Structures are given as C-alpha cells and as structure tokens.
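Derivation of every value follows stated rules applied to the coordinates shown; laboratory data play no part. As the structure is a computational prediction, the values presented were derived from the model and not from experiment. In this analysis, Cβ positions are derived from the backbone assuming ideal geometry, glycine residues included, and neighbour counts consider all displayed protein chains.
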Amino acid sequence: MNSKRERVLITGASAGIGASFARLFAQDGSDLVLVARREDRLRALAHELEATHGIQACVIVQDLSEPGSAAALVERLTRDEIAVDVVVNNAGFGATGPFADLDLERQLAMIRLNVLTLAELTHRLLPPMRRRGRGGVLNVASTAGFQPGPTMAVYYATKAFVLHFTEAVREELLGTGVSITALCPGPTWTEFMDVAGLGHPPLFDLFAMKPDRAARAGHRAFRKGKPVVVPGIINKLGTIMVRMTPRRLVPKAVRRVITER
Ligand SMILES: NC(=O)c1ccc[n+]([C@@H]2O[C@H](COP(=O)([O-])OP(=O)(O)OC[C@H]3O[C@@H](n4cnc5c(N)ncnc54)[C@H](OP(=O)(O)O)[C@@H]3O)[C@@H](O)[C@H]2O)c1
C-alpha cells in the first residue's frame, strides 16, 4: 500500500452510510482502508471498488467497541506502513429503551465505539496530518446530537459528544491545513434501526433518506472544509426548532417522536 494517492480510513464500512462513503472516496480516486467486523462484506466492497475505480482497498477486521481496539488499529497501520490522510469515524450503533432497563454492557460498548474510539482515533491520527499540513477527519454525528433523547439516552448523548467535540477541535485546527467536519444525518435507511431495536416509527418512514444521500452531504461538506452539515431540509428545520423550544419541553417532544408508533 505505497501509492501516492490520498488514503482514507473508514470505520463501519461494511454497511449503510460507511459503505456509501467508501464508494464516494473511491470515485475521488482515493485508496481506502475499510474497517468493521464483517469481513465478507468488507472484502466484497474492496474488490468491487478496486475493480471499478483502480484504487487499492485494504480490509481490517476489528471490533472497535472493545477496549484497546483503537490503539490496536493504529498499531496495525504503523506496522504495515499504512499512512492515513483522512479518517471517517462512521461506525456507531444505538439502543432503544429506558436507560436503567437496557443491558449495561451494551450501553458501555456503545460509548466505547461512538465516543472513545472516535476520540482516540482522532487523537492518534491527527498529529501526522498536522505535520503534513493536509488531510482531515469526517465524524458521523447525528441530528440526535442536538438534543437529549429519552429512550435512547446514551445514543443521543454520544452524538452530542461527537458534534461538540468536532466543532471544538475544528476551531483548534484553523490554519493548520487539516480540517474536521461533523455529518449529522437524520433518519436514514440502513441497518441502524434494526440494530437499535427501534422498529419503524411513522416519522422515520416519512422522512428517512437513502444512505448515499447522507454520505454525499458529508463528503461534500468535508471536501469544502465545512464544520457541520445536516442533510435534508426537514432535518435542518428540526435542529432549528429544538433551539427555539424551551429546554424543559424538549425531552418530552423528543420522546414522542422516538416512541410514537
Ligand atoms: N441510520 C440512521 O438513521 C442514522 C442517523 C444518524 C446518524 N447515524 C450514524 O451513522 C453511522 C453509520 O450508521 P448506519 O446508519 O450506516 O448504520 P449501519 O447500517 O448499522 O452501519 C453501521 C456500521 O458500523 C459498523 N459497526 C457497528 N459496530 C461496530 C463495532 N463494534 N466495531 C466496528 N464496526 C462496527 C457496522 O459494521 P459491522 O457490523 O460489520 O461491524 C456497520 O458497518 C453511525 O455512527 C450512526 O450512529 C445513523
């Protein structure tokens, strides 16, 4: 893996928005490092993109919710001399139900994947980017990051972390040549809903977008150096309404949106 092309590492590339990101960066002519747990899916995608776009795509199978997994991933990159120019921190999952009733280990694994791994990969991979004065990070947050989410309390809080973390680090990176962007999709047709045990709330069916569209918005915003992007007018309006609503009313309203069937 020693080409001079930009190399993009994408976590959660085996499905949904992450697989769409892989296609978009491959169309740019970037080499790829695809990371997730399902090896068959990653290999199929890597073969497809190598054949279609003449890029190199390397597959790393790793459970990024395990303690020490971000360090292990970066050690593997270092050992194999795989320099990364762009990191797309996309892997994530949610879970639905009252916080105190949900399995604790699953909630902690969610925090490790959605928050700790994202922060650690960013911390470990930013310094070489800064030294080179180029590259960047594309973090997948969510419209969930704009408010608390009763019945998905931990998931919403993890996405608030991703959003605020990204905006803060962006300010620190100004003038370094390295950029960082937060993509905040609303409901998107992926495996996310099934994994989260969310079913299909009516609002989801009404407003969900295809993963390609969400990824395209994030890819474009990242290429333009924008701090935050919320794809879709309904999602944008939602984030504005939250800011205009008295804070104490927001959890009640969000709970209705999540749980109404
Ligand atoms: N879909 C939505 O409505 C929506 C809305 C806003 C934000 N998002 C965010 O978008 C991102 C992508 O989700 P998606 O909608 O594309 O869902 P998805 O179809 O379920 O894809 C999730 C991806 O993350 C990977 N992943 C999950 N757990 C992992 C682990 N422990 N270690 C490594 N990889 C793991 C999965 O791969 P493996 O299972 O093969 O490991 C898969 O590639 C997430 O951060 C999610 O929070 C989704």
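Here are some notes:
- With Cα atoms, 0 to 90° folded angle of helix 69-79 axis to the chain main axis: 10 degrees
- A Cβ-based charge dipole, computed about the Cα centre of the chain with Lys and Arg at +1 and Asp and Glu at -1, lands at about 980 debye.
- Evaluated with a Cβ-only charge set (Lys, Arg +1; Asp, Glu -1), the range 43-144 carries a dipole of roughly 500 debye about its Cα centre, given to the nearest 20.
- Among Asn235, Gly197, Leu121 the positive-end extreme of the charge dipole of the chain (Cβ point charges): Asn235
- Pairs of Lys residues in the chain are counted when their Cα atoms are under 26 angstrom apart and they lie 8 or more places apart or on different chains; the count is 13.
- Leading residue at positive end of dipole, the range 7-259 (Cβ point charges), from Ser65, Pro148, Ala95: Pro148
- P(r) of the range 7-259 over all Cα-Cα pairs, binned every 5 Å from zero, in whole percent: 1, 6, 13, 19, 20, 17, 12, 7, 3, 1, 0
- Percent antiparallel among DSSP beta bridges (both partners in the chain, rounded to 5): 0 percent
- Residues of the range 216-250 with amide N under 17 Å of a point placed 7 Å along Cα→Cβ from Leu174: 225-228
- From the C-alpha gyration tensor of the range 23-135, square roots of 5λ in Å: 27, 18, 12
- Kirkwood Rh, Cα atoms: Rg over Rh of the range 19-68: 1.01
- Cβ-derived FRET efficiency at R0 30 Å, Arg43 paired with Arg216, nearest 0.05: 0.75
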